[in-house]
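Okay, so here's the structure we're looking at.
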Amino acid sequence: MKETPLSNCERDFLLKAIQEKKRLDGRQTYDYRKLKIMFGTDFGCCFVELGKTRVMAQVSCELVAPKESRPNEGIMFFNIELSPMASPAFEQGRQSELSVKLNRQLERCLRNSKCIDLESLCVVSGEKVWQIRVDVHTLNHDGNLMDAASIAAIAALCHFRRPDVGIQGDEVTVYSPNERDPIPLSIYHMPISVSFAFFQQGTYLLVDPCEREERVMDGLLMIAMNKHREICSIQSSGGIMLLKEQVMRCSKIASVKVSEITKLITKALENDKTARKAGGKCGFAESMPQERITALKMEETPVEMTDATEQANDIDLTVEVPPQISQSLVVPIPGMGQVGQGLQNNWGIEEDDLDEEDSDNKETTMEVEEKRQAEGDVVELSDSEEDEVVILQPEATGGVEKNTSTSSHLKGPAASKKRHRK
């Protein structure tokens, strides 16, 4: 299903608001939406809310054979799923252009930046290594999926714990969490993506565009950076030409945003660790009783119900009882019903009734013809070879009949026959 395009009025309104440095949600030009990070009950599950954009990341691992070119390094795999639950424009089971673009950008941001020590994932050189799989699920799409996906992926990797293994000769033993504590991944830095939207060929700039702003933008610039101000990846899309000053300006803004987000991720990890040590509820287990896990949230409105019964009784007393007398049924013509006085109509008269009336008229006409023939004219056929028709009509003055024929010449014995009225 394709997304519904914006009307010209909506497009003009958005562009006019951007020119006046105003946004639909009340933010300033360089403001980020409200960011919230939560972790699940299991290790490696992260839930991110960026405004109304909601993304969940889940990390899993398994022992596989390494690549022949890199026998001492583990494998990292990313997968982004754009579910129809997030937006009607996403189709189930089909890999769209947007999903391919997000997958490649996420791989450049996390895997190619060497943020994780892949050599630490090696168990037996050339035989067994850990394969880390990061699945990112979009729960609601309201713009800037790349930033939300990168935050959820790196936070889930920091929160993930892989099982401990033991090696005895050629035998590899994987211990459960009850036998040995899981081991966290070796992460060097946390690259985070920051998106910039350009309008009117780079004249206007916005940070963290929402879904409607993405529809009217001319180009998009995504910069992945860590808190040390190291650019991990950069990608421009939309076909606009950016100047060096514009890119440098965006990188300075990104460095500030990345440092703030990194502090937020670190604080969320510390809070989750403290809650787990205390043995209390954490992550989704704490959210479910409060019903904060659903995508559509509604604030409760208190309603006073103490005097509801008295008000209902007062209303019953003041309301007038409608009359129970109904109008009589009027039957103007057979086959037609009418309630009340009004204009007559042909409701209830079917075509079959009209056909019956026509057949009755035909039968009446046939009866009249038969009666007239019995009293007056008689039609007979002659015995001639040409099958001439002879009509005998009585005269008004006598009993002798006059012979008339449609032909002036008669042939055969039929010419000498005389016909008399009995």
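Under 16 Å from a label point 7 Å along Cα→Cβ of Ser87: give me every residue in the stretch 21-64 with its amide N that close.
The answer is 50-56.
DSSP loop GluC sites (Glu not before Pro) in the stretch 191-253 with at most 16 other Cβ atoms within 10 Å of their Cβ, which ones?
The qualifying sites are Glu230.
For the stretch 1-101, which GluC sites (Glu not before Pro) are both in a DSSP coil and crowded by at most 10 other Cβ atoms within 10 Å? Show your work: numbers first, answer last.
Values: sites: Glu3, Glu10, Glu20, Glu49, Glu62, Glu68, Glu73, Glu81, Glu91, Glu97; in loops: Glu3, Glu20, Glu68, Glu73, Glu91.
Of the GluC sites (Glu not before Pro), the ones in loops of the stretch 1-101 whose Cβ has at most 10 other Cβ atoms within 10 Å are Glu20, Glu68.
Quick check for you: which residues of the stretch 124-139 have the amide N under 14 Å from the point 7 Å beyond the Cα of Arg70 toward its beta carbon?
The answer is 126, 129-133.
Around Ala152, with a cut-off of 14 angstrom between Cβ atoms, what is the net charge of the other residues, counting Lys and Arg +1 and Asp and Glu -1?
Residues near Ala152 contribute -2 overall.
Pop out the Kirkwood hydrodynamic radius of the stretch 77-118 from its pairwise C-alpha distances, inverse of mean 1/r, in Å to one decimal.
For the stretch 77-118, inverting the mean 1/r across all distinct Cα pairs yields 11.5 Å.
Mind checking the full-extension length gain between Lys34 and Ser120? Use 0.36 nm per residue of separation minus the Cα-Cα distance, one decimal, nm.
27.4 nm
Kirkwood Rh, the stretch 69-181, all Cα pairs: how many Å?
After inverting the mean inverse Cα-Cα distance, the result is 16.1 Å.
Using a cut-off of 12 Å between beta-carbons, work out the net charge of the residues near Lys128 (Lys and Arg +1, Asp and Glu -1, Lys128 not included). Don't skip to the end; give the middle numbers.
Details: positive: none; negative: Glu62, Glu127, Asp170, Glu171.
Computed value for this residue: -4.
I'd like the GluC sites (Glu not before Pro) in the stretch 100-133 restricted to DSSP loop residues with at most 14 other Cβ atoms within 10 Å, sorted by number.
Numbers: sites: Glu107, Glu119, Glu127; in loops: Glu127.
Answer by residue number: Glu127.
Place a point 7 Å from the Cα of Ser60 along the Cα-to-Cβ direction; which residues of the stretch 66-94 have their backbone N under 15 Å from it?
In the stretch 66-94, the label zone of Ser60 (backbone N under 15 Å from the point 7 Å along Cα→Cβ) covers 77-81.
Would you please give the FRET efficiency between Lys16 and Lys267, computed as 1/(1 + (r/R0)^6) with r the Cβ-Cβ distance and R0 = 51 Å, to the nearest 0.05?
Using R0 = 51 Å, I get an efficiency of 0.85.
First select every other residue whose beta carbon is under 12 angstrom from the beta carbon of Asp170; then total the charges, Lys and Arg +1, Asp and Glu -1.
That works out to -1.
Estimate the FRET efficiency between Asp170 and Gln95 by the formula 1/(1 + (r/R0)^6), using the beta-carbon distance for r and 60 Å for R0, to the nearest 0.05.
Plugging the Cβ-Cβ distance into 1/(1 + (r/R0)^6) gives 0.90.
Bear in mind these aren't lab numbers, they're just calculated from the coordinates by the rules spelled out. Just so we're clear, the structure is a prediction, and the values are computed from it rather than from any experiment. In this analysis, Cβ positions are derived from the backbone assuming ideal geometry, glycine residues included, and neighbour counts consider all displayed protein chains.
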